[in-house]
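Report on the structure given below.
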Amino acid sequence: GELFFRQGKRFDYVYAIRSGSVKSYLCTEDGRTQITGFHIAGDLLGLGALAAREYSCEAKALETTSVCMMDAAQFEQLAKEVPSLQYQMLTIMSEQIRRDEELMLLLGKRSAEEKLAAYLLGLSRRYASRNYSPTEFHLSMSRSDIGNYLGIAEETVCRVLTRFRDEKLITTHRRHT
């Protein structure tokens, strides 16, 4: 539950997740939140603050999480001096843009079942790309958070996961899928 950074605060650090998971979210003036992403080991947090020099969202640990904090100014200087790091940053940002585009399509044009299936498959691909099991993983986020992220009700998330389990598309044990 620890916060790494708050929306509107000065950009001080880039965070590299070593283990665990984090959710990022926006807070509206009237107190509502919109989850903008779930981040796992290997992801970088805070890159959205590069242009405005302040964090555009909040990031909160979902479980015991280990991160490497890199001073933003030193990180930027290193990226300027090491072309391969700069290229890696562009690749990471490109992957995030692609995931955001896929999410936009998912939110607007798919049924609840399709949204949840695409979310689980995307998470599986992300775990596989980091050499973790793509078929067995822990869902550290709550059903409510998944619903918020996908634009569906928590009850719908629970109902669809139960249907997937009953149809033997997935197996679950608590938050282990």
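The values are calculated or read from the model by the stated rules, or taken from the named source; none is laboratory data. Just so you know, these numbers come straight off a predicted model, no measurement behind them. Neighbour counts are summed over all protein chains in view; Cβ atoms, including those assigned to glycine, are modelled from backbone coordinates with ideal geometry. For accessibility, only protein heavy atoms count, side chains too; no ligands or nucleic acids. Shrake-Rupley method; radii C 1.70, N 1.55, O 1.52, S 1.80 Å.
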Heavy atoms of Ile17: accessible area, 1.4 Å probe, square angstrom to 10: 10
Across Lys23/Lys115; Lys115/Lys168; Lys9/Lys60; Lys60/Lys80; Lys23/Lys109, pairs whose alpha-carbon gap is larger than 26 Å: Lys60/Lys80
Mean-position separation - Cα centroids, segment 19-71 and segment 79-155, in angstrom: 14
With all protein chains modelled, accessible area of Cys158 [1.4 Å, Å²]: 50
Top positive-direction residue, dipole computed over segment 73-141 with Cβ charges, set Ser111, Ser84, Pro134: Ser111
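Heavy atoms only, probe 1.4 angstrom, no DNA, RNA or ligands counted: give me Leu50, Leu26 ranked by accessible area, highest first. Write out the running numbers ahead of the final one.
Details: Leu50 45, Leu26 70 Å².
Correct descending sequence by accessible area is Leu26, Leu50.
Using the Cα centre as the reference, give the magnitude of the dipole from point charges on the C-beta atoms of the chain (Lys, Arg: +1; Asp, Glu: -1; all else neutral), rounded to the nearest 20 debye.
On the way: 24 positive and 23 negative charges, 77 e Å.
The calculated dipole for the chain is roughly 380 debye.
Using +1 on the beta carbon of Lys and Arg, -1 on that of Asp and Glu, and nothing else charged, what's the dipole of segment 102-177 about the Cα centre, debye to 20?
Details: 13 positive and 9 negative charges, 32 e Å.
Dipole magnitude for segment 102-177 comes out near 160 debye.
Return the carbon/sulfur percentage of the accessible area of segment 118-157, one whole number, probe 1.4 Å, all protein chains in place.
Values: 960 of 1930 Å².
Roughly 50 percent of what the probe reaches on segment 118-157 is carbon or sulfur.
Let me know the volume per residue of the alpha-carbon convex hull for segment 8-96, in Å³.
Working: hull volume 8.6 nm³, N = 89.
Hull volume over Cα atoms, normalised by residue count, gives 96 Å³.
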Solvent-accessible area per residue for the chain (1.4 angstrom probe, square angstrom): 60
Distance histogram in 10 Å bins (all Cα pairs of segment 73-143, percent per bin): 17, 34, 29, 17, 3
Computed lengthening from Glu2 to Arg159, 0.36 nm per intervening residue step minus Cα-Cα distance: 53.5 nm
